[in-house]
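See structure below.
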Amino acid sequence: MAGEMQANLHALMFALENPRGRVMYISRFAEPRLFREDSGLFAFILDSRNRELWRSMSAAEVNLADYLPRNPGVKVNMSRSGNDLGSPFIASLTVGWIRFGISQDITLVLVDDASMHVERIHDFRWTLFKTLGLMGLVLLTVQMVSLFWGLSPLRQVIRELDHIEHKHQDKIMGQYPDEIAQLSTRINLFIENERKNLTRYRNALADLAHSLKTPLAEIIIMIGGKDSPDRKRLEELTEDMNSIVEYQLKRASSSEFSVIHKAVEVEKVLLRLHQSLQKIHADRGLNVKWELESGIEFFGDEGDLFELLGNVLENAFKWANREILCRTSSIRKSNAVHHGLVIEVHDDGPGIKPEDREDILKRGVRLDERASGQGIGLSLVNDIVERYSGILNISPSPLGGTLLKIEFPVQ
């Protein structure tokens with residue numbers, strides 16, 4: 001802006017003439033804005049006493065006193081009338097002017113109201129804003145594309161883990177970049193080691209239980225044929241040992257617990273168990289009602305679900321008088337990997353007293369000693385439920401008997 005003002009001021013100085021003793025401005029000056037009113041650019045000439053000698057056409061309605069130069073001199077002096085962005089620019093230059101052989105000092109003053117300057121700044125800012133905005137949009141797009149492309153292997157790993165969880169495949173099989181390949185290899189090793197360890201533990205437990213079961217059976221037979229003072233106590237101890245073996249056999253016969261789960265349809269398992277139990281208890285004429293939510297699933301091992309529901313339903317069939325109600329529902333939350341599950345089994349039997357509800361979940365406890373079994377059914381149910389971080393509640397049923405309610409949380 002300063003260079004432009006200086007150039008215009010020098011052009012004004014060279015355009016001065018003095019025909020017939022008058023200082024006047026002629027049209028050789030190239031800036032057309034001086035010839036238009038309200039153009040924002042105007043000029044005037046002062047004598048040594050700051051009296052006006054000439055003004056441009058564009059300064060017809062301007063009070064020149066507002067634009068008197070502060071420090072006129074023989075060098076171009078640049079100043080502004082204020083401190084804000086829209087303050088006019090003032091350029092002044094004092095030169096010696098000879099008229100009628102007499103030399104006098106005159107001051108040329110050029111004023112620009114900064115409207116064009118402000119407009120240029122606004123245009124520059126808008127152009128800068130558009131340019132930076134476009135660049136930012138391009139960079140954001142590139143970043144999003146890069147992230148989407150860069151994270152695609154991780155999304156593929158997640159899909160494969162989901163397939164493993166639902167038993168659609170045994171391990172991660174995709175080809176990945178070196179960084180992800182190291183992760184997938186370690187996950188495969190973890191899965192394989194877990195399966196091997198659980199299988200080994202399960203086999204060891206089953207072998208131990210079977211190795212003890214036969215000697216215990218022989219001991220029980222031998223005790224039954226002898227009459228000794230310690231017979232009753234020995235029978236109790238042997239029965240306890242046999243209960244432990246039965247309990248461990250049941251745990252071993254159920255599938256190993258794993259962090260890799262699959263979806264099991266609860267309704268199919270319930271109906272299969274119902275068919276078996278109806279045959280066993282056909283002479284009792286029990287009325288079994290079903291209130292099952294369609295498509296509900298248990299995320300875990302199918303053997304665990306069979307063991308759990310089998311024991312719960314067996315207790316209901318054993319103690320019910322006439323009626324059994326089985327109800328299932330789901331617990332749903334947004335962004336959950338697996339929905340929760342609620343299973344309720346009602347019966348109209350004699351029920352369980354509040355003080356006995358905690359004991360019934362302990363291994364070997366039977367409230368009715370006349371009933372068959374070793375008293376480990378509900379303790380095994382409770383053990384399975386706890387392994388899946390669930391909750392088992394025993395409460396009175398609206399049917400008049402017992403309600404066993406099992407709740408598996410959302411995962």
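The values are calculated or read from the model by the stated rules, or taken from the named source; none is laboratory data. Model, not experiment: these values are computed from the prediction. Don't worry about glycine lacking a Cβ; one is built from the backbone with ideal geometry, like all the others, and counts go over all protein chains shown. Only protein heavy atoms, including side chains, enter the accessible area calculation; ligands, DNA and RNA are left aside. Shrake-Rupley method; radii C 1.70, N 1.55, O 1.52, S 1.80 Å.
Tabulated values for the structure
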{"read-out": "Residue list for region 141-159, filter: open to solvent by less than 90 Å² (accessible area, probe 1.4 Å) and within 17 Å of Tyr176 (Cβ to Cβ)", "value": "Gly150, Leu151, Ser152, Pro153, Leu154, Arg155, Gln156, Val157"}
{"read-out": "Options Asn321, Asn287: the member that is touching a residue at least 40 places away in the same chain (Cβ under 8 Å), surrounded by fewer than 15 Cβ atoms within 10 Å (Cβ to Cβ) and not charged (D, E, K, R)", "value": "Asn321"}
{"read-out": "Given (1) modelled with pLDDT under 75; (2) open to solvent by less than 40 Å² (accessible area, probe 1.4 Å), index of the condition Leu9 fails", "value": "(1)"}
{"read-out": "Positions within region 141-174 being of a type in the set (S, T, N, Q), free of Cβ contacts under 8 Å to residues at least 12 places away in the same chain and closer than 29 Å to Phe299 by Cβ, in sequence order", "value": "Ser152, Gln169"}
{"read-out": "Hits in region 278-326 (condition: outside any strand (DSSP E or B), out of contact with any helix residue (DSSP H, G or I) (no Cβ under 7 Å at 6 or more places or on another chain), among the charged types (D, E, K, R) and within 22 Å of Val264 (Cα to Cα))", "value": "Glu293, Asp301, Glu302"}
{"read-out": "Considering residues of region 327-351 that are assigned to a loop (DSSP other than H, G, I, E, B) and over 21 Å from Gln411 (Cα atoms) only, the residue most open to solvent (accessible area, probe 1.4 Å)", "value": "Pro350"}
{"read-out": "Residue in region 354-364 that is out of contact with any Ser or Thr (no Cβ under 7 Å at 6 or more places or on another chain), surrounded by fewer than 21 Cβ atoms within 10 Å (Cβ to Cβ), modelled with pLDDT of 85 or more and under 16 Å from Asn393 (Cα atoms) present", "value": "no"}
{"read-out": "Unmet criterion (only one of (1) open to solvent by 100 Å² or more (accessible area, probe 1.4 Å); (2) within 17 Å of Lys262 (Cα to Cα)) for His163", "value": "(1)"}
{"read-out": "Residues located in region 69-96, provided they are modelled with pLDDT of 80 or more and more than 60 Å from the chain's Cα centre (by Cα)", "value": "Ile90, Ala91, Ser92, Leu93, Thr94, Val95"}
